[in-house]
1. What residue, of Asp136, Asp130, is under 12 Å from Gly194 (Cβ atoms), loosely packed, with under 14 Cβ neighbours inside 10 Å, in the same structural domain as Glu181 (by TED's automatic domain parsing) and among the acidic types (Asp, Glu)?
2. So which helices (runs of 4 or more DSSP H) are wholly in the range 60-174 and hold at least 2 residues that are of a type in the set (Lys, Arg)?
3. Scan the range 189-202 and give yes if some residue there is of a type in the set (D, E, K, R), outside any loop (DSSP other than H, G, I, E, B) and under 30 Å from Leu35 (Cα atoms), otherwise no.
4. Kindly list the number of the only condition in (1) closer than 17 Å to Ala120 by Cβ; (2) touching a helix residue (DSSP H, G or I) at 6+ places or on another chain (Cβ under 6 Å) that fails for Ser158.
5. Please indicate, with yes or no, whether at least one residue in the range 285-295 is within 19 Å of the chain's Cα centre (by Cα) and free of Cβ contacts under 8 Å to residues at least 40 places away in the same chain.
6. Cβ-Cβ distance below 9 Å, separation of 6 or more or different chains: which pairs start in the range 140-156 with a residue that is without any contact (Cβ under 8 Å) to a residue 12 or more places away in the chain and end on one that is surrounded by fewer than 16 Cβ atoms within 10 Å (Cβ to Cβ) and in a strand (DSSP E or B)?
7. Pick out the one residue from Arg91, Arg138 that is modelled with pLDDT under 95, basic (Lys, Arg) and more than 18 Å from Leu188 (Cβ to Cβ).
8. Any chance the range 182-193 includes a residue that's more than 30 Å from Pro247 (Cβ to Cβ) and in the same structural domain as Asn280 (by TED's automatic domain parsing)?
Amino acid sequence: MSVDDQLNQLIRRGLTVTDRTLALSYLGRIGYYRLSGYWYAFRERSGAVMLLDKGRKPQKPKATTLVLDEFKAGATFQNAVDLYVFDKKLRLLTLDALERIEVGLRVDITYCLGVLDTFAYLRPELLHGDFSSKLDPRTGLSRHHDWLGRHAKLIARSKEDFIRHCKDKYGLPLPIWIAAEVWDFGTLSTLYGGLQETEQDAIAAKYGLTNGRVFASWLRSLNYLRNVCAHHSRLWNRNIVDQPKLPAVSEAPWIQPFVDNAHALARCYLLLCMTRQLLNVVNPRSTWPQRIKAHLLSFPELSHLGLNLAGMGVQPGWEADW
């Protein structure tokens, strides 16, 4: 469909367009499909229906609702653009904090393993057995072996002068404090998950958690969050696939509203709160908490469509935590 036809279809389905030229410009620059992720929440829902299974009797019939093509009354094209812009700024703010956490985590892992051996990341006996020795029955390889493959690719494709200098002067392997500079968040979080429990607990304690396995789940979730942001994907109401484990409420009182709250556990606000806790350690003077709070308060006025911060997993009274 041409951009004109795309806009005409939206209008036929009930989306109000007050400035056609501007709307065409947005469709041409951002794209119909990307914007559709934001006006999806504006579409009407059917009543409860029972879906037939192509003539086969379903084992457990279940009522569901369908998302219809028509839009809710009052939905506008500008509403979708406003939500898109809010989400874009949310991703940029999140990446700002995660960058600082990533750098701090590099230092933590470098010091933790570096005191054991200059090349500790290569030595299976210094890592947890499940990571370094347990073999995947499908591949016959350990997770450490897979990790080393990722590590090798990052070193090989790096164009950094310091990597080239070290290779030329000293050869491979690289000391951990040099190699770690090219590891991304995923590589760092995976290696953390492969540390011995004593090392995991020591690093976790720095961030206010006593259990390193809980912290490992936090890092996996934050890596998922980073990937969503880095690939410019919709974040504000995304269903978080890799959900973190929660520590005891006595250890982190702010998690109380998330306990046994399936919706809140599956939305990004929990990950923003985790980010805040880690950033308070990495950079206690950062204004990020104030900036993210101000941004959340700027959520577009979409109450006529039944949308608000609750779609992000935000709980009543959240402002007091920031």
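1. Asp130
2. Working: elements: 77-114, 129-132, 143-157, 161-170.
Of the helices (runs of 4 or more DSSP H) lying wholly inside the range 60-174, those with at least 2 residues that are of a type in the set (Lys, Arg) span 77-114, 143-157, 161-170.
3. Scanning the range 189-202 turns up no residue that is of a type in the set (D, E, K, R), outside any loop (DSSP other than H, G, I, E, B) and under 30 Å from Leu35 (Cα atoms).
4. (1)
5. The first filter runs over the range 285-295 and keeps only residues within 19 Å of the chain's Cα centre (by Cα), leaving 288-289, 291-293, 295.
Within this subset, residues satisfying the condition of being free of Cβ contacts under 8 Å to residues at least 40 places away in the same chain are 289, 293.
Yes, because at least one residue in the range 285-295 is within 19 Å of the chain's Cα centre (by Cα) and free of Cβ contacts under 8 Å to residues at least 40 places away in the same chain.
6. Leu141/Leu135; His145/Leu135
7. Details: Arg91 fails: modelled with pLDDT under 95.
After applying the criteria, what remains is Arg138.
8. yes
The values are calculated or read from the model by the stated rules, or taken from the named source; none is laboratory data. Treat the numbers as computed from the prediction; the structure is a model and nothing was measured. Cβ coordinates were reconstructed from backbone atoms using ideal geometry, including for glycine residues, and neighbour counts include every protein chain displayed.
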